[in-house]
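Let me begin by presenting the structure, written as structure tokens, before commenting on it.
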Amino acid sequence: MSEIQDTVPELFFLKYKGVPSPWEIVSQAKRLGFKCKKYANWSEVHATSNSRQLLKSVGDSLIDSEEFDISFYPELSQIWEKVQRWAKDKDGFSLEPDLLPEYEKLSRLVDVGSKTPNVVDLMIDEFGFPSESIEVDDRWLIFLSICIYNFFQSKKRYEYVLNLAEDLNSCKDMPAAFVDSVGNFLTALYLTAGFDTSTFSGKEVIPYFIGELGLASEPLTTIREGGVKVSSLPKIWVERYEGTQLELVKFEYSDGDIFVRVNKANRVFAKGSELGQLLSSNDYWTLVGKTIETNISQIDEIQDFYNTFARHLRAIT
């Protein structure tokens, strides 16, 4: 199993709010060009020693001719990511930018699918492919293809790149052809960011893309529970985020789902104490989520309880 890596800079626009895509840089040339000129004098957000000159050059080109040298995109993405960090932590740039909702959803599905093969089968069945007729070894790739398809269909923002590839909907009744069409789409997407992945086959570029997004490109387990058919996705989602050291957990209810977001930057997790081990346990927070689910009208009160809990926690850590 391959290790999960950090998201690569050229794909920050698919993960973080506020980071422009390659096509948005061109479509909003003058506005972003003036921002480049502004950031050229803001050394705190520079990614390399060359960032000042790069920003001036890109800014001039966007303002004067609405043209953009795509080879500059990865570094420009890093700069925009640092700008988003500054908005949350002006001194240390230590807090991760806000995630895009569609990325959060993709991350949840890939994570639960990598751990629960029965969820992989459910997603395949709900998409219209009968999972029982598909070889077990082929299901993960089809699952990832479906997740990617749903991601890019979720927002009008991605219409530009969807129009660059063959119509994905034309292959929705043929699993193998659908995987190939998603792979071709990703190849077109990478080209917009200045990277040629045409040497990859469709079967290769899909897990490669998922890995570059910082998600699990391979399943943690492929062992299915015999005789157990999953009928719905989980309702309790335990996630991690980077907040201030004063925050512990945030609860959110949306469309029948309970989101338990645990602040991995809380100092209790750096101590290695028994309390820290308990509060880092997904099983613990899943139980809290299930408790909220059965007492959903009291979610605000439960949040207040844990906010008070966090204040007492600060006193002993």
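The values are calculated or read from the model by the stated rules, or taken from the named source; none is laboratory data. Everything numeric here is computed off the predicted structure, so don't read it as measured data. Because the Cβ atoms are built from the backbone with ideal geometry, glycine has one as well, and the counts that use them run over all protein chains shown.
Would you point out which residue out of ARG31, ARG108 is assigned to a helix (DSSP H, G or I), modelled with pLDDT of 95 or more and charged (D, E, K, R)? Before you say what the answer is, go through the steps one by one.
Values: ARG108 fails: modelled with pLDDT of 95 or more.
Of ARG31, ARG108, the one residue that is assigned to a helix (DSSP H, G or I), modelled with pLDDT of 95 or more and charged (D, E, K, R) is ARG31.
Among (1) polar (S, T, N, Q); (2) surrounded by 13 or more Cβ atoms within 10 Å (Cβ to Cβ); (3) part of a loop (DSSP other than H, G, I, E, B), there is one condition ASN307 misses while meeting the rest; what is its number?
(3)
With the structure loaded, tell me whether PHE195 is assigned by TED's automatic domain parsing to the domain that holds TYR160, within 21 Å of TYR73 (Cα to Cα) and part of a helix (DSSP H, G or I) or whether it fails that test.
No.
So which residues in the range 70-107 are closer than 25 Å to ALA29 by Cα and either of a type in the set (Val, Ile, Thr) or over 18 Å from the mean Cα position of the chain (by Cα) (or both)?
ILE70, SER71, PHE72, TYR73, GLU75, LEU76, ILE79, VAL83, TRP86, ALA87 - these are the residues of the range 70-107 that are closer than 25 Å to ALA29 by Cα and either of a type in the set (Val, Ile, Thr) or over 18 Å from the mean Cα position of the chain (by Cα) (or both).
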